[in-house]
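The values are calculated or read from the model by the stated rules, or taken from the named source; none is laboratory data. Keep in mind it's a predicted model, so treat the numbers as computed, not measured. Cβ coordinates were reconstructed from backbone atoms using ideal geometry, including for glycine residues, and neighbour counts include every protein chain displayed. The protein model used for the area step is the full one, side chains on, heavy atoms only, and it has no ligands, DNA or RNA in it. Shrake-Rupley method; radii C 1.70, N 1.55, O 1.52, S 1.80 Å.
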Amino acid sequence: MNVKEQTLDFKPQWFSKMTNVNLLYLGRWSASPTDHIEVEDTKFLEGLANMQYMKFLSLQGVSNVISLTDSISQLKNVKILDLRACYNLETLPEDIGLLKSLTHLDMSECYLLNHVPKSLSSLTRLKVLKGFVVADDERKSSCELGDLRKLEKLIKLCIYTSLEKFPDKGHVRALGNLKELKKLTIAWGGHTLRAEKKHEKKETEGSSDRTSNGSKPTAELHPKLENSSGSKPTAKLHSKLENLNGSKPTVKLHSKLENSSGLEPTAKLPSKLEKLDLKCFPMSKTPSWLEPKNLKDLKKLYIRGGKFSDLGQYQDWNVENKYAWKVETLRLKYLSEIELEWRQLQELFPDLVYLERVSCPKLTFVPCDANGLWINETKLKAS
């Protein structure tokens, strides 16, 4: 059943009588901003509990849906739940994990949704998960990225985050545990860019605390390792830092002095990943997980907006172990910081078949057409 009305006003008893419905599309079909659908009350959703044959439910683009009733969790046979662009949606049912037949869950563009219930990790048949929220949330009931390791059939994941340093080492390892994942989208939003600017401002202010020769004062680096006179700790103080075999615990002392990325070479994205889509990338320095040597099977790379600037053009081309991408489809949009010539791009992407360039002013001498497209016709025919 498809309902095409701008204002949905149902009586709960109507749905209670529709026991044999297996497809219910209450949302909008098109993505046009002029198409507006809203509800005055969500009580009618309580009648969904009687639709035990339901396999597809869409509320896409329906406004004024702040929360979903527990009746949604009683749809034991639903396979596809489409909540995309429910802009007012703030919470999901805590027992959403009861939807054991669910294979597709779309929560993308639900920007008021700040956490996902932990029970979502029980949806072991899930293949597509869009709109998964990664936030600075300390609630025990929230589903974290590491909890998704139970979703062994997951092949597509779309993440929305407001964390400026996402993904860190732990996040990358959690993603690496999703062995069957082939498509990954990460969108940064919220306070991300503002937080990044604030972080850079603090770093600038911190540089004023350096000594005359440009180095950090010893007391600032090791405040707990200096005595009252400001000299380095004596052997007596060092004796407490020795391990059982008498050697200094060098690794532990230096663990807090690691590089800013915090990523170890072993932290990689899933080996089967074929498509990576990054939106509003907030970091100016490319992390190790985004280097081509760690994405050997990647065929499609999309980067839209943000501070991204390094595709590998700054590596030393005189060394033998220089790396190149295996990517065949590349889309670069709204990247004002990336500085690259066509010759360099060809060296970095020798297998490139399709390129789309939009508003990348420093990406020069690229033979794109008026629409920003370049296609290697020879390789296209060969494939």
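What FRET efficiency comes out for the pair SER271/TYR25, r = Cβ-Cβ distance, R0 = 56 Å, nearest 0.05? Please list the in-between numbers first.
Details: r = 37 Å, r/R0 = 0.66.
Efficiency at R0 = 56 Å is approximately 0.90.
Please give the net charge around TRP342, taking every other residue with its beta carbon less than 13 angstrom from that of TRP342, where Lys and Arg add +1 and Asp and Glu add -1.
Values: positive: ARG343, ARG357, LYS362; negative: GLU339, GLU341, GLU347.
Surrounding charge for TRP342 is 0.
Under the rule of at least 5 residues apart or a separate chain, name every residue whose amide H is placed under 5 Å from the amide H of GLU38.
Here THR7, LEU8, SER63 satisfy the definition.
For TYR334, project a label point 7 Å along Cα to C-beta. Then give me every residue of the stretch 266-302 with its amide nitrogen under 18 Å of that point.
Backbone N within reach: 277-284, 302.
List the chymotrypsin sites (Phe, Trp or Tyr not before Pro) in the stretch 294-383 that DSSP assigns to loop (not H, G, I, E or B) and whose Cβ has at most 15 other Cβ atoms within 10 Å. Which are they?
Working: sites: TYR302, PHE308, TYR314, TRP317, TYR323, TRP325, TYR334, TRP342, TYR354, PHE365, TRP374; in loops: PHE308, TYR314, TRP317, TYR323, TRP325, TYR334, PHE365.
Counting only loop positions with at most 15 other Cβ atoms within 10 Å, the chymotrypsin sites (Phe, Trp or Tyr not before Pro) in the stretch 294-383 are TYR314, TRP317, TYR323, TYR334, PHE365.
Just to verify a number: what accessible area does LYS285 come out at with the full protein assembly present, 1.4 Å probe, Å² rounded to tens?
Surface open to solvent at LYS285 totals about 150 Å².
Quick one: order ARG331, ARG173 from most to least accessible surface, probe 1.4 Å.
Numbers: ARG331 65, ARG173 100 Å².
The ordering from most to least exposed comes out as ARG173, ARG331.
Going by accessible area, probe 1.4 Å, with all protein chains left in place, what is the ranking of ASP297, ASP147, largest first? If you can, show how the numbers build up before the last one.
Details: ASP297 85, ASP147 25 Å².
Highest to lowest solvent-accessible surface, that is ASP297, ASP147.
Stretched out fully, how many nm does the piece from LYS300 to ALA370 gain, at 0.36 nm a residue minus the Cα gap? If you can, show how the numbers build up before the last one.
Values: separation 70, 0.36 × 70 = 25.20 nm, distance 2.23 nm.
Result: 23.0 nm gained on full extension.
Of HIS104, HIS115, which has the most accessible area and how do the rest follow, probe 1.4 Å?
From most exposed to least exposed: HIS104, HIS115.
Name the residue farthest towards the positive end of the dipole of the stretch 45-139 from the options ALA49, THR103, LEU113, assuming +1 on Cβ of Lys and Arg, -1 on Cβ of Asp and Glu, about the Cα centre.
Farthest towards the positive end: THR103.
Hey, can you find the accessible area per residue of the stretch 105-192 for me, probe 1.4 Å, expressed in square angstrom? Working shown, then result.
Details: 3830 Å² over 88 residues.
Heavy-atom SASA per residue in the stretch 105-192 reads 44 Å².
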